[in-house]
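A.B. asks: Below you will find the structure I want to go over with you.
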Amino acid sequence: MLELLWLIPALPLAGFVSLVIAGRRLPRQGVAFIGAGSVGVSAVLAMLISISFIGSPPAGRAFSQTLWTWMEVAGLKAGISFVLDPLSLIMILVITFVGFLIHLYSVEYMREDEGYGRFFSYMNLFVGSMLTLVLADNLLLLYLGWEGVGLCSYLLIGFWYKDPENGRAGNKAFIVTRVGDVALAAGIFLLYTHFRTLQIQELMQQVLLQWKTGSVLATAAALLFLGGAIGKSAQVPLQTWLPDAMAGPTPVSALIHAATMVTAGVYLIARTNVLFSLSPLAMSVVAVVGAATLLLAGCSALVQRDIKRVLAYSTISQIGYMFLALGVGAWSAAIFHFMVHAFFKALLFLGAGVVIAGLGHERDIFRMGGLRRRLPYVFWTFLAGAASLSSIPLVTAGFYSKEFILSQVWISPSGGAALWLAGLTGAFLTSLYTFRMVFLVFYGEEKTKVSGNKSLSLTVPLFVLALLSITGGFFETPRTLGGLSFFTDFMRTALPLLHPLNSASSELPLQMIASLVSLAGVWSAYLLFLRHRTFSEGVASSGAGNLLHRFWSAGWGFDWLYDRVIVRPFLWIARVNKDDFIDLVYGGTAWYSEQAHRFLSFTQSGNLRWYAAMLAFGAVVFIALVVAV
Amino acid sequence: MNSVSGEFGLLLSGILFALGLTGVIIRRNIIFILMSVEIMLNAAGLAFVVAAARWHQPDGQVMFIFILAMAAAEVSVGLALVLRFVRCFGTLDADAAGKMRG
């Protein structure tokens, strides 16, 4: 069974190739069948493989498969080879399963779109690249997948390319993530020049043998990898591209910019956890970046008007939680939160997509309202996702994953009270902005006429994801609540564990505080945005409130800052540089060939007698040359 | 038999060739251009005959027969082209065909 591993990324890639070749000629059902079917079969295969992996684990709890040697030049050897261990197993399960549900949703959601075949071919390429990324057993193949998902992200953000704004958003996403990718490439070069290998397992063993804790090289390599992760996962200071990436179709936002691609950075750090644990400095940077991001993005999410931008900032903030967990060494907590986040955030985006489409492409939450009665199935599923995002105690998956992160932050030697408080504040902000959205969209009076689409391929993904958002967390519960640890036990061979120092009873007060804070966020949202709307509007329109509102709404001015500090000086240099002497060489060449062209085209007069005279003249010159020489 | 010296024959051939070439270049009437080409061909033929007489070889005469046959073929093709030309442009002026300007 495990030998079929290669089919999992190969099937979506085959779907991509066949859609590129035949997409225009196929009817829509054919496109949908290939596009969603290839990912669906991958999901089934991934499930069968995981059953066989758990049932009879291979030696060393890792299975590797080499398809062929990609390149072998002067000692540099990289293969198209995959490795399946608990970490990559969780990743492929989430990617194929959530990916399939989103493909199924897109079959209906994109029905009217003229670029139907193009959409599914890009989506399949994305799923194939993402699976390559997480299954790769060497850094070069990982980088191939890394760039592949970046390309698909760019293509799908600018999917509706006729509006230049969408193309600009795509460019922004591509260029900003490229900044991080350069750092990642430099990190890979650094590791290769030292260890002469690209195999991740071998590299990690060598790193452990040769580099001491806190050595400069380990810190440099870890920070370079962190740079790549920050760009891909939209963390401070490279987070500016993700809110603009909402220009793409909603299923794209759900799949790429919420569930899978943006968490590639989390995967990268978890995969190279040995390297990171050698560098306390890099670890604290990861934790601080995560904490800062979750607070900044949480504040920004609080004041957005566009429902998709609220969700985008929320995604940035939740990935901040994952980085916080990674930074304190709680690797499996980060991956656990990744999994749960993939369920509820995909669900929230898909629900928002139905609302947006039903209101005739209205994305402003202040013009929605009262949709609870009109779209009950969206309301209940959205509520399940929102509850999970706000980590409502006991009943939601988000509670268990966030609780896991917070308790690990508290007990970790590199964590501490300050980071824990940041996480707690973030939890309050999360439930506040989440339920602000829920109350504004689904409660209150109706403001815009709505038409609900109830076809099965839209509702089934919503219900399945809602079920997962509620129940997906019961694999891993705190010790005060039964202490189930299926997830961490499963991950143990791939990701080292933090062992709690204190007893279970001392966790209880912390959990009570965290739960109360989440509920307080919901209650404040109820008071501010449903009960006493005038009060919150009054605060927002007062002098200081207005200023803060605008500042947060613009994402803490990062775009403004980058525009002044990087974009404009760069454009200025480019403009000044346009006429330097190097350009004169090329410009001069062009000018001379243009003059020569003018002269030669003058001889092509079309005049027969002129041609005859030139012929005679040429013959005379030629004969004279022959005779003279 | 009093023979004309070879130099005069070649000189005559050269003059005829130059006259023909001048005609091709300066004449605008396409019939006259064709006739000028004939003069150039005959000038070349004359040069062959003179050379044959100079070295007492028959090859030059044979060459002249070839040139005659070639000239006959050239005239038939040329006249057909002239007919098409007149049909197309309604004139004999060669410059009328100068439409393909670079």
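Each reported figure results from applying straightforward, stated rules to the coordinates on display, with no laboratory input. Keep in mind that what you see is a predicted model, and the values were worked out from it rather than measured. We place every Cβ from the backbone using ideal geometry, glycine too, and count neighbours over all the protein chains shown.
A.B. asks: Taking Cα atoms, how many degrees apart are the long axis of helix B:59-89 and the longest axis of chain B, rounded to 10 and kept between 0 and 90?
C.D. replies: Rounded to the nearest ten degrees, it is 10.
A.B. asks: Regarding the range A:281-432, what are the three Cα extents along the principal axes, ordered largest first, in Å?
C.D. replies: That works out to 51, 27, 19 Å along the principal axes.
A.B. asks: Follow-up. Looking at the range A:412-506, which trypsin sites (Lys or Arg not before Pro) are DSSP coil and have at most 11 other C-beta atoms within 10 Å of their C-beta? If you can, show how the numbers build up before the last one.
C.D. replies: On the way: sites: A:436, A:447, A:449, A:454, A:479, A:492; in loops: A:447, A:449, A:454, A:492.
Of the trypsin sites (Lys or Arg not before Pro), the ones in loops of the range A:412-506 whose Cβ has at most 11 other Cβ atoms within 10 Å are A:449, A:454.
A.B. asks: Given an 8 Å cut-off on Cα distances and at least 6 residues of separation, report the relative contact order of the range A:1-107 as a percent. Can you show the working numbers first?
C.D. replies: Numbers: 102 pairs, mean separation 33.7, N = 107.
Relative contact order here is 31 percent.
A.B. asks: Which of the helices in chain A, when you take each full DSSP H run, stretch at least 20 Å along the axis at their Cα atoms and have an average Kyte-Doolittle score of 1.0 or higher?
C.D. replies: Working: long enough: A:7-22 (22 Å, 2.27); A:28-55 (40 Å, 1.57); A:86-109 (34 Å, 1.81); A:116-135 (29 Å, 1.10); A:139-157 (27 Å, 1.72); A:164-195 (46 Å, 0.45); A:216-232 (24 Å, 1.76); A:280-303 (35 Å, 2.10); A:307-327 (30 Å, 0.94); A:331-358 (40 Å, 1.66); A:397-411 (22 Å, 0.62); A:417-442 (37 Å, 1.58); A:456-471 (22 Å, 2.23); A:507-526 (29 Å, 1.09); A:581-603 (33 Å, 0.12); A:608-628 (30 Å, 2.09).
Span-like helices in chain A: A:7-22, A:28-55, A:86-109, A:116-135, A:139-157, A:216-232, A:280-303, A:331-358, A:417-442, A:456-471, A:507-526, A:608-628.
A.B. asks: Cα centroid distance between the range A:42-105 and the range A:255-273, in Å?
C.D. replies: About 15 Å separates the Cα centre of the range A:42-105 from the one of the range A:255-273.
A.B. asks: Right, here's the next one. From Cα pairs below 8 angstrom and at least 6 apart in sequence, can you work out the relative contact order of the range A:402-511, rounded to a whole percent?
C.D. replies: Values: 46 pairs, mean separation 35.9, N = 110.
Once normalised by length, the contact order is 33 percent.
A.B. asks: Per-residue counts of other Cβ atoms within 10 Å, averaged by peptide: what ranking do you get for A:289-296, A:406-413, A:215-222, highest first?
C.D. replies: A:289-296, A:406-413, A:215-222
A.B. asks: At q = 0.09, 0.18 Å⁻¹, work out log10 I(q)/I(0) for the range A:475-629 with the Debye formula, treating every Cα as an identical point scatterer and leaving solvent out; two decimals please.
C.D. replies: -0.77, -1.16
A.B. asks: Taking only Cα atoms of the range A:212-263, what ratio of Rg to Rh do you get with Rh as the Kirkwood inverse-distance radius? Don't skip to the end; give the middle numbers.
C.D. replies: Details: Rg = 14.6 Å, Rh = 12.4 Å.
A ratio of 1.18.
A.B. asks: Pop out the ³J(HN,Hα) list for the range A:56-70 in order, Karplus 6.51 cos²θ - 1.76 cosθ + 1.60 with θ = phi - 60°, rounded to Hz; leave Gly and Pro as x.
C.D. replies: For the range A:56-70, the Karplus curve yields 9, x, x, 4, x, 6, 8, 10, 10, 9, 9, 8, 7, 7, 6 Hz.
A.B. asks: If you don't mind, there's one more thing I want to ask. Ignoring GluC sites (Glu not before Pro) that are buried or in helix or strand per DSSP, and keeping those with at most 13 other beta carbon atoms within 10 Å, what is the longest stretch of chain A between them? Please list the in-between numbers first.
C.D. replies: Details: sites that count: A:112, A:114, A:445, A:446.
Result for the longest clean stretch: A:115-444.
A.B. asks: Which whole number gives the average, over all residues in A:604-611, of C-beta atoms from other chains lying within 10 Å of the residue C-beta?
C.D. replies: Numbers: counts 3, 5, 7, 6, 10, 9, 3, 2.
Mean partner-chain Cβ count within 10 Å for A:604-611: 6.
A.B. asks: Kindly provide log₁₀ I(q)/I(0) values, in the same order as q = 0.10, 0.18 Å⁻¹, from the Debye equation applied to equal alpha-carbon scatterers of the range A:1-152.
C.D. replies: The Cα Debye sum returns log10 ratios of -0.36, -1.01.
A.B. asks: With a cap of 13 neighbouring Cβ atoms within 10 Å, and only residues DSSP puts in a loop, list the trypsin sites (Lys or Arg not before Pro) found in the range A:291-400.
C.D. replies: Working: sites: A:305, A:308, A:309, A:345, A:363, A:367, A:372, A:373, A:374; in loops: A:305, A:363.
Loop-located and lightly packed - A:305.
A.B. asks: Something else: Post the alpha-carbon centroid distance, the range A:171-216 to the range B:28-83, in whole angstrom.
C.D. replies: 83
A.B. asks: Output the relative contact order of chain A, whole-number percent, from Cα pairs under 8 angstrom with separation of 6+ residues. Kindly include the intermediate steps, with their values, before the conclusion.
C.D. replies: On the way: 1002 pairs, mean separation 73.1, N = 629.
Relative contact order here is 12 percent.
A.B. asks: How tilted is helix B:6-26 with respect to the longest principal axis of chain B? Cα atoms for both, answer in degrees (0 to 90, nearest 10).
C.D. replies: 0
A.B. asks: Let me ask something else about it. Roughly how crowded by other chains is peptide A:565-574, in terms of the mean Cβ count from those chains within 10 Å of each of its Cβ atoms? Kindly include the intermediate steps, with their values, before the conclusion.
C.D. replies: Details: counts 0, 0, 0, 0, 0, 0, 0, 0, 0, 0.
Shielding by partners across A:565-574 averages 0.
A.B. asks: Okay, moving on. How do the peptides A:56-63, A:84-91 rank, highest first, by the average count of neighbouring beta carbon atoms within 10 Å per residue?
C.D. replies: Numbers: A:56-63: 13.4, A:84-91: 23.8.
Result, highest mean Cβ count within 10 Å first: A:84-91, A:56-63.
A.B. asks: Also, I was wondering about something else. When you count, for each residue, the other Cβ atoms within 10 Å and take the mean per peptide, how do A:526-533, A:231-238 rank with the highest first?
C.D. replies: Numbers: A:526-533: 15.5, A:231-238: 25.1.
My ranking of the peptides, most packed first, is A:231-238, A:526-533.
A.B. asks: In units of 2.2 N^0.38 Å, what is the alpha-carbon radius of gyration of chain A? Provide the component values of the computation, followed by the final result.
C.D. replies: Values: Rg = 28.3 Å, N = 629, 2.2 N^0.38 = 25.5 Å.
This ratio for chain A stands at 1.11.
A.B. asks: Roughly what % of Cα-Cα distances in chain B sit above 22 Å, to the whole percent? Spell out each step's value before the answer.
C.D. replies: Numbers: 2212 of 5151 pairs.
That fraction is 43 percent.
A.B. asks: Looking only at other chains, what is the average number of their beta-carbon atoms within 10 angstrom of each beta-carbon in B:21-28?
C.D. replies: Numbers: counts 6, 2, 0, 6, 10, 2, 1, 2.
Counting Cβ atoms of other protein chains within 10 Å of each residue's Cβ and averaging gives 4.
A.B. asks: Once you have the Kirkwood Rh of the range A:147-264 from its Cα pairs, apply Stokes-Einstein at 20 °C and 1.002 mPa s and quote D in µm²/s. Intermediate values should be presented prior to the final figure.
C.D. replies: Details: Rh = 15.3 Å.
Rounded to a whole number, D works out at 140 µm²/s.
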